[in-house]
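Every read-out reported here was derived from the displayed coordinates using simple, explicitly stated rules and does not represent laboratory data. What you are looking at is a predicted structure, and each value in this text was computed from that prediction instead of being measured. Cβ atoms come from the backbone with ideal geometry, glycine included; neighbour counts cover every protein chain shown.
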Amino acid sequence: MRRKVAAGNWKMFGIKADLTEITAIAAAADPAVDTLICPPATLITAAVPAAKGTVLIGGQDCHHLPQGAFTGETSAAMLVDAGATHVIVGHSERRRDHLESNEMVRAKAEAAIEAGLIALICVGESLEQREAGTTLVAIATELDGSLPNTSTAANTIIAYEPIWAVGTGHIPTPDQIAEVHGRIRAILRQRLGDEADGIRILYGGSVKASNAAEIFAAPDVDGALVGGASLKASDFAPIIAALA
Ligand code: PEP
């Protein structure tokens, strides 16, 4: 039985005044659901006490090396030191804006795992790939290239985030989500054997209270990675409730 995950990606939103939202999310957290918020790196240390031990706190990216002369970067070990338990790697905005390749995402995931973090690895097709009918090939290439050989059910979570659904209000049909999640599960089995059955696969892209139940009813959906609707407890609490 895989525990459900409600994960929030705050992106470049949030200052200290917004930590009250994390405390309000903690009040709404359900013991049956792993609730995770990934705030900006500047807030991680302060977010941990605000989370009251019921919300996990993660980073949004990490470098693949533990330290060095890399201005502006944050290592996985630094995230651990700040109190993070998880880190998102390979988000489509990082792949797009920082030209992160599958190899780079894999190196980051390996570094995260090595440092003791749970790596939340994102994959997703573009609109062009969806319309060309090459979604499953695109997902297979991204996942195979981004997944460390050291991945286990305990240290890895996969998020399927169609690029055209992130921040747009558009979502795939439940059948389309189920098809991709099934393919991801098959690839995980090829690579990792029985261990694959324990790896959580989240859907991400315009999840909100009004569509959460429909999305979560699709087979092999173990939770959600949520952007905009994770910033306010009033929006995120119903999504957690839909998973409980
Ligand atoms: C995301 O940033 O990972 C995301 C899914 O964003 P949104 O929920 O706003 O589409």
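General observations
- Which numbered condition GLY53 fails, given (1) in a loop (DSSP other than H, G, I, E, B); (2) of a type in the set (Gly, Ala, Ser); (3) over 21 Å from LEU225 (Cα atoms): (3)
- Filter result for MET12 (touching a residue at least 12 places away in the same chain (Cβ under 8 Å), aliphatic (A, V, I, L, M), surrounded by fewer than 23 Cβ atoms within 10 Å (Cβ to Cβ) and assigned to a loop (DSSP other than H, G, I, E, B)): yes
- Where a residue in the range 147-166 is more than 17 Å from LYS108 (Cα to Cα) and touching a residue at least 12 places away in the same chain (Cβ under 8 Å) and its partner, wherever it lies, is among the polar types (S, T, N, Q) and not in a loop (DSSP other than H, G, I, E, B), with Cβ under 7 Å and at least six apart: GLU161/SER92; ILE163/SER92; VAL166/SER92
- The lone exception for ALA26 - which of (1) buried (at least 22 other Cβ atoms within 10 Å of the Cβ); (2) over 18 Å from the mean Cα position of the chain (by Cα) it fails: (1)
- Check on ILE37, of a type in the set (A, V, I, L, M, F, W, C) and within 16 Å of the ligand (Cβ to nearest atom): yes
- Those helices (runs of 4 or more DSSP H) of the range 156-244 in which 3 or more residues are more than 16 Å from the ligand (Cβ to nearest atom) and under 18 Å from the mean Cα position of the chain (by Cα) occupy 174-192.
- Scope the range 97-112; condition charged (D, E, K, R) and under 13 Å from GLU142 (Cβ atoms); matching residues: GLU100, GLU103, ARG106
- Evaluation of LEU43 against (1) under 18 Å from PHE236 (Cβ atoms); (2) free of Cβ contacts under 8 Å to residues at least 60 places away in the same chain; (3) part of a strand (DSSP E or B) (one fails), failing number: (3)
- Condition broken by GLU125, with the remaining ones in (1) among the charged types (D, E, K, R); (2) buried (at least 24 other Cβ atoms within 10 Å of the Cβ); (3) in a helix (DSSP H, G or I) satisfied: (3)
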